[in-house]
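Enquirer: Structure provided below as structure tokens; questions to follow.
The values are calculated or read from the model by the stated rules, or taken from the named source; none is laboratory data. Owing to the predicted nature of the structure, the values given are computational and were not obtained by experimental measurement. No Cβ is skipped: glycine too gets one built from the backbone with ideal geometry, and neighbour counts run over all protein chains shown.
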Protein chains: 2
Amino acid sequence: MIVPFTRILRRCAVKGLGVLPIFCRKDMKQSQYFIPTLREVPSDAEIRSHQFLLRAGFIRQVAAGVYTYLPLAKRVLNKVEGIVREELEAIGSNELLMPALQPKELWDQTGRWDVYGGELVRLKDRHNRDFALGPTHEEVITEVVKDYLNSYKKLPLNVFQIQTKFRDEARPRFGLMRGREFIMKDAYTFHATEESLDEAYHNFVKAYTNIFTRCGLHFRMVEADSGQIGGSQSAEFMALAEVGEDTIVYSTTGNFAANSEVVDLPVGAPSPDGNGEIAHAKGIEVGHVFKLGTKYSEAMNANFLDENQKKQSLIMGCYGIGISRVLMAALEQNNDDNGMIWPKAIAPFDVHVVAVDMKKADQAEAAEKLYADLKMAGYSVLFDDRKERPGVKFSDADLIGLPIRITVGRGVSEGTVELKVRSTGETLDVNLSEIAQVVKDKYSEAK
Amino acid sequence: MIVPFTRILRRCAVKGLGVLPIFCRKDMKQSQYFIPTLREVPSDAEIRSHQFLLRAGFIRQVAAGVYTYLPLAKRVLNKVEGIVREELEAIGSNELLMPALQPKELWDQTGRWDVYGGELVRLKDRHNRDFALGPTHEEVITEVVKDYLNSYKKLPLNVFQIQTKFRDEARPRFGLMRGREFIMKDAYTFHATEESLDEAYHNFVKAYTNIFTRCGLHFRMVEADSGQIGGSQSAEFMALAEVGEDTIVYSTTGNFAANSEVVDLPVGAPSPDGNGEIAHAKGIEVGHVFKLGTKYSEAMNANFLDENQKKQSLIMGCYGIGISRVLMAALEQNNDDNGMIWPKAIAPFDVHVVAVDMKKADQAEAAEKLYADLKMAGYSVLFDDRKERPGVKFSDADLIGLPIRITVGRGVSEGTVELKVRSTGETLDVNLSEIAQVVKDKYSEAK
């Protein structure tokens with residue numbers, strides 16, 4: 001008997017569905033992937049990295065200094081974040097995640113609500129309470145840990161997060177370089193002694209050196225002003241680039257390796273030690289390490305009992321990396337007139353398989369097989385299976401700049417494909433029976 | 001010759017540092033890990049999952065409805081996000097990342113700026129321009145894709161993001177259940193035909209079934225109102241829980257498996273088809289699938305040319321999962337009086353090694369070795385190496401609720417340790433020579 005009732009919307013569409021077998025197809029076919037490349041150089045993009053990010057379909061502007069990261073850019077971000085996680089966990093840093101919304105009361109304790117100025121994004125909630133959107137998280141982390149860190153026995157503590165940050169730049173510019181919403185890794189350490197802070201600071205310097213080296217950046221560490229955050233010692237990691245916003249000057253006795261001596265000098269000053277000439281370069285700030293001391297802990301009553309049961313202020317350090325800036329800086333350092341040249345550690349994909357004419361059965365079939373085989377061999381592969389003209393496909397492939405490109409064209413009838421190394425331009429015809437080995441060799445050679 | 005100059009801060013601390021070998025120590029020793037457990041039940045936490053999240057050191061409140069995810073919670077979130085990524089990539093969804101800041105102009109196009117009400121977080125930038133902090137991203141994604149999706153040849157498109165969202169709840173409550181800042185997975189699809197939308201909708205229902213099943217949730221899919229987003233067909237995925245905010249009613253002819261029949265009835269109504277009794281349960285909404293139709297594309301002039309070169313509005317779907325709610329719902333379904341009982345797929349660690357007395361050399365040594373061996377065998381391991389009383393350690397371990405606990409105590413002198421399965425309470429003494437095999441067996445049995 002069917003009994004009436006007031007409201008049945010519909011039977012559940014789940015009915016009869018089983019649980020799909022869990023395996024990762026991850027079909028990265030360009031016909032179904034979102035890569036909106038552009039032919040024209042966008043007029044508002046002043047620097048090459050910004051131009052290429054727009055042209056290659058990596059980012060789109062939503063408002064001044066506010067961007068959407070499209071799928072290719074998101075893959076690069078995920079890789080950079082993976083490297084950052086590995087290196088920070090290796091120095092014992094614990095990942096957590098703090099909120100963007102920060103109540104004014106916390107910022108009042110340190111006085112930063114009044115000091116920070118127009119760059120702090122402020123808002124009121126429905127109950128008229130004031131909040132900031134966090135540009136940094138010293139107040140929040142100090143509030144979170146201070147009850148727990150009540151004894152020297154619980155120190156040191158080392159935590160980090162990877163998070164979207166907000167800063168209302170007066171003049172957002174250069175795409176991801178000076179945006180109003182951006183992705184940061186920020187870490188905070190807490191200590192009982194200056195020696196313990198020194199050790200953490202040193203560990204972060206080492207970790208940052210590893211991170212930027214692994215991301216393929218040419219960079220320098222430069223002692224710096226600590227600016228609005230305040231503190232006793234700090235240094236910036238600068239990716240060298242013509243378009244950088246800061247001028248750094250260094251002795252040419254070193255070279256571009258990470259362990260060279262770097263000093264911060266006025267432009268044009270002579271060498272400090274007479275052992276080399278002074279060179280100068282511009283830098284994109286990609287990382288920052290600070291010894292904060294007790295500035296925040298004193299303001300927020302964040303104390304611990306030392307070995308003598310005496311109350312002391314927690315000694316702090318903080319450490320930032322601009323994740324979205326690393327992407328920009330890597331690109332600014334690695335491009336040519338045709339487009340991007342991704343360092344392989346952070347490339348969105350390892351290999352680009354380009355089928356010249358998908359309407360030709362032999363080409364389509366060989367390309368599909370190559371795509372499947374390379375994925376099985378452990379490479380991440382983007383497969384251009386679009387029904388586009390060859391010229392469009394080649395120029396898109398150059399623009400996107402994956403480390404290895406394999407073009408499947410007419411040669412397939414004789415069993416060969418073309419392999420191109422993006423960074424060197426080296427091009428060779430390879431027999432399909434040898435392609436696995438050649439890809440392996442050329443990929444391992446690529447930087 | 002040392003030449004004077006106006007400003008040298010200091011020589012670079014990087015000098016002499018090499019690049020560390022890349023390997024992942026990931027030392028998860030509790031003495032250096034941030035797990036601020038509490039003895040007392042926090043007075044403001046009404047439901048068990050919220051109480052345990054606070055007591056076990058998973059979250060801390062920063063403001064009403066605004067939380068910090070501490071390291072253990074962040075590990076759970078990372079696991080849930082990993083499962084979501086895998087299942088969505090398996091149905092061909094491309095990950096991207098849109099900004100939180102959304103200009104009012106976009107929301108004016110769809111009229112939502114005026115309609116959305118007090119739950120929309122609004123702010124002005126330094127130039128007095130209006131922005132919303134995104135609770136959903138229909139306007140942004142439509143704006144991002146509409147120029148590209150100008151032809152049926154480029155359809156369908158399927159994209160998703162995992163992102164922090166904002167909603168100014170009048171009454172934030174139940175911890176992560178109804179917060180003002182929370183983590184969502186939101187996906188959007190674009191289609192040329194209703195059939196194509198049907199297919200995507202169906203794929204998402206399958207993917208969601210996989211995701212929630214893998215996360216260990218008991219759940220139902222229920223057809224639902226589409227609320228403020230608007231559209232033609234929608235369904236909610238409800239995790240069953242006494243504390244849920246929505247009442248769902250279903251026929252008991254099915255059972256708690258995912259493929260049972262579920263209908264949405266008023267409480268207490270008789271069975272619709274007479275084949276079973278009516279039961280009712282409360283549900284926590286963890287997912288939502290919507291057929292949006294052309295509501296947004298019409299409002300925003302998002303058109304494509306069909307096969308007959310005729311202009312049509314893009315047909316859309318959108319699909320959400322509350323990532324932070326999944327954590328809360330899993331916990332609400334899996335706990336006992338002593339604490340959390342994590343399903344192994346989303347547990348913060350697989351195994352908890354508890355050294356009873358770190359001052360005893362044989363216990364400390366055996367525990368360190370076990371910790372190293374289990375990590376080498378591929379388990380994620382939390383090692384309680386703290387110099388705390390055994391009672392504190394055991395109660396913390398129960399509270400945190402990892403699937404397998406191994407207690408290294410006095411038995412070590414006879415070569416045995418105690419293994420406990422958290423979900424069943426099963427406890428057994430195991431010889432150290434057999435521990436690897438027993439952990440493997442018990443871990444694979446655990447749900």
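Enquirer: Determine which single condition B:A170 fails, assuming it passes every other condition in (1) within 7 Å of chain A (Cβ to nearest Cβ); (2) closer than 20 Å to B:A200 by Cβ; (3) in a loop (DSSP other than H, G, I, E, B).
Expert: With (1) within 7 Å of chain A (Cβ to nearest Cβ); (2) closer than 20 Å to B:A200 by Cβ; (3) in a loop (DSSP other than H, G, I, E, B) applied to B:A170, the lone miss is (2).
Enquirer: Next up: Pull up the range B:396-432, narrow it to residues that are crowded, with 17+ Cβ neighbours inside 10 Å and in a helix (DSSP H, G or I), then point me to the one that is nearest to the chain's Cα centre (by Cα).
Expert: Here the answer is B:I400.
Enquirer: In the range A:328-352, what count of residues is obtained for those that are farther than 22 Å from A:A436 by Cβ and part of a helix (DSSP H, G or I)?
Expert: 7
Enquirer: Next question, about the same structure. Report the residue count in the range B:175-192 for those that are over 16 Å from B:A239 (Cα atoms) and within 12 Å of chain A (Cβ to nearest Cβ).
Expert: Within the range B:175-192, residues that are over 16 Å from B:A239 (Cα atoms) and within 12 Å of chain A (Cβ to nearest Cβ) number 8.
Enquirer: I'd like to know if the range B:353-370 contains one or more residues that are within 24 Å of B:A436 (Cα to Cα), in contact (Cβ under 8 Å) with a residue 40 or more places away in the chain and within 23 Å of the chain's Cα centre (by Cα).
Expert: no
Enquirer: Test of understanding: among B:E195, B:E105, B:E89, which residue is within 7 Å of chain A (Cβ to nearest Cβ) and not in a loop (DSSP other than H, G, I, E, B)?
Expert: Checking each option against the conditions leaves just B:E89.
Enquirer: Of the residues B:I162, B:I141, only one is hydrophobic (A, V, I, L, M, F, W, C), assigned to a strand (DSSP E or B) and either in contact with an Asp or Glu (Cβ under 6 Å, 6 or more places away or on another chain) or without any contact (Cβ under 8 Å) to a residue 60 or more places away in the chain (or both); which?
Expert: Of the residues listed, the single one that is hydrophobic (A, V, I, L, M, F, W, C), assigned to a strand (DSSP E or B) and either in contact with an Asp or Glu (Cβ under 6 Å, 6 or more places away or on another chain) or without any contact (Cβ under 8 Å) to a residue 60 or more places away in the chain (or both) is B:I162.
Enquirer: Considering only the range A:45-67, state which residues are in a strand (DSSP E or B) and within 17 Å of the chain's Cα centre (by Cα).
Expert: Correct list: A:I59, A:R60, A:V66, A:Y67.
Enquirer: Taking A:M376 and the conditions (1) of a type in the set (A, V, I, L, M); (2) in contact with a helix residue (DSSP H, G or I) (Cβ under 8 Å, 6 or more places away or on another chain); (3) modelled with pLDDT under 95, which numbered condition does it fall short on, given that it satisfies the others?
Expert: A:M376 satisfies all of (1) of a type in the set (A, V, I, L, M); (2) in contact with a helix residue (DSSP H, G or I) (Cβ under 8 Å, 6 or more places away or on another chain); (3) modelled with pLDDT under 95 except (2).
Enquirer: Could you identify the single residue in B:K440, B:K369, B:K387 that is surrounded by fewer than 18 Cβ atoms within 10 Å (Cβ to Cβ), part of a loop (DSSP other than H, G, I, E, B) and not aromatic (F, W, Y)?
Expert: B:K387
Enquirer: Taking the condition of being of a type in the set (S, T, Y) and under 19 Å from B:M376 (Cα atoms), how many residues in the range B:420-447 meet it?
Expert: The number of residues fulfilling the criteria is 3.
Enquirer: Related question: Take A:T68 and tell me if it is at pLDDT 95 or above and within 9 Å of another protein chain (Cβ to nearest Cβ).
Expert: yes
Enquirer: Moving on to the next point. Would you mind telling me which numbered condition in (1) touching a Leu at 6+ places or on another chain (Cβ under 6 Å); (2) in a loop (DSSP other than H, G, I, E, B); (3) of a type outside the set (D, E); (4) at pLDDT 95 or above A:P42 fails?
Expert: (4)
Enquirer: Let me ask another. Using the structure shown, decide if B:G65 is closer than 27 Å to A:H127 by Cα, buried (at least 22 other Cβ atoms within 10 Å of the Cβ), in contact (Cβ under 8 Å) with a residue 40 or more places away in the chain and of a type in the set (G, A, S).
Expert: Yes.
Enquirer: Hey, any hits in the range A:277-287 for a residue that's over 30 Å from the mean Cα position of the chain (by Cα) and at pLDDT below 95?
Expert: Yes, because at least one residue in the range A:277-287 is over 30 Å from the mean Cα position of the chain (by Cα) and at pLDDT below 95.
Enquirer: Moving to a separate point now. Got a number for residues in the range B:139-148 being surrounded by fewer than 24 Cβ atoms within 10 Å (Cβ to Cβ) and more than 8 Å from chain A (Cβ to nearest Cβ)?
Expert: Adding up the residues that qualify gives 1.
Enquirer: Is there any pair linking a residue in the range B:310-328 that is under 17 Å from B:G175 (Cα atoms) to one that is buried (at least 22 other Cβ atoms within 10 Å of the Cβ) and among the polar types (S, T, N, Q), with Cβ under 9 Å and at least six apart or on different chains, and which?
Expert: B:L327/B:S49; B:M328/B:S49
Enquirer: Condition first: within 29 Å of the chain's Cα centre (by Cα), at the interface with chain B (Cβ under 10 Å from one of its Cβ atoms), buried (at least 19 other Cβ atoms within 10 Å of the Cβ) and not in a strand (DSSP E or B). Now tell me which residues in the range A:108-133 satisfy that.
Expert: Scanning the range A:108-133 gives a single hit, A:L120.
Enquirer: To continue, here is another question. From the list A:G231, A:G254, A:G244, A:G175, exactly one residue is out of contact with any strand residue (DSSP E or B) (no Cβ under 8 Å at 6 or more places or on another chain) and either assigned to a loop (DSSP other than H, G, I, E, B) or modelled with pLDDT under 55 (or both). Which is it?
Expert: A:G254
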